[in-house]
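Asker: Can you keep this structure in mind? I'll have questions shortly.
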Amino acid sequence: MEQLFAGRDIDIASVMKRLESVAAECGLPFSPRTMTYNSRRAQEAGKWAESLGKGEEFHMAVFHAYFARGLNIAKIPVLVELAESVGLKGVEEVLSKGTFKQAVEEDWSYSRRCEITAVPTFLVQGRRAVGAQPYTALEKLVAGSH
């Protein structure tokens, strides 16, 4: 994390403390960590899981693996384990063939067009909220008073 954010005015300890606080407030698992991992393969696997009607279950499994267990979601064996945990087989082949690579690239292109530079970012009719937000802030965003 230190290397990733080197040269940027970001207090990683404060960011982690805030993430931990928001996660606790929302009842979500969170384990502080010093590493972050490339999520590109997990995104492709997620698109695949969505196409099979298992998107939400797979995304939750990846979320828990990354945020609670600190697993490297860029590694194919981790993604195989996560896919199998929600009853899916074949993710290794999907990733090796790049079956959902273009779909993920389209998502990234859309994000760039919308000038999204952080996750999560919530967009509603041209208005945005960036970062983990309390439910009330999202209500205001949707209602148009953000």
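The values are calculated or read from the model by the stated rules, or taken from the named source; none is laboratory data. Just so you know, these numbers come straight off a predicted model, no measurement behind them. Please note: Cβ atoms are built from the backbone with ideal geometry, for glycine as well, and neighbour counts cover all protein chains shown.
Asker: Would you check which residues across the range 44-83 are surrounded by fewer than 18 Cβ atoms within 10 Å (Cβ to Cβ) and of a type in the set (Asp, Glu) and list them?
Answerer: Glu50, Glu56, Glu57, Glu81
Asker: Within the range 84-109, which residues are within 15 Å of Glu57 (Cα to Cα) and surrounded by 13 or more Cβ atoms within 10 Å (Cβ to Cβ)?
Answerer: Hits for the range 84-109 are Glu84, Ser85, Val86, Leu88, Val91.
Asker: Report, by residue number, each residue of the range 52-94 that is farther than 22 Å from Val119 by Cβ and among the polar types (S, T, N, Q).
Answerer: Of everything in the range 52-94, just one residue is farther than 22 Å from Val119 by Cβ and among the polar types (S, T, N, Q), namely Ser85.
Asker: A further question follows. Look at the range 26-49 and say how many of its residues are in a helix (DSSP H, G or I) and at pLDDT 80 or above.
Answerer: Residues meeting the conditions: 10.
Asker: Something else now. Within the range 50-61, how many residues are closer than 20 Å to Gln102 by Cβ and free of Cβ contacts under 8 Å to residues at least 40 places away in the same chain?
Answerer: Total meeting the criteria: 5.
Asker: Would you confirm whether any residue within the range 5-16 is at pLDDT below 80, surrounded by 15 or more Cβ atoms within 10 Å (Cβ to Cβ) and closer than 23 Å to Val130 by Cβ?
Answerer: yes
Asker: Continuing with this model, one more query. For the range 68-90, does any single residue satisfy the condition of being hydrophobic (A, V, I, L, M, F, W, C), over 18 Å from the mean Cα position of the chain (by Cα) and over 20 Å from Val15 (Cα atoms)?
Answerer: yes
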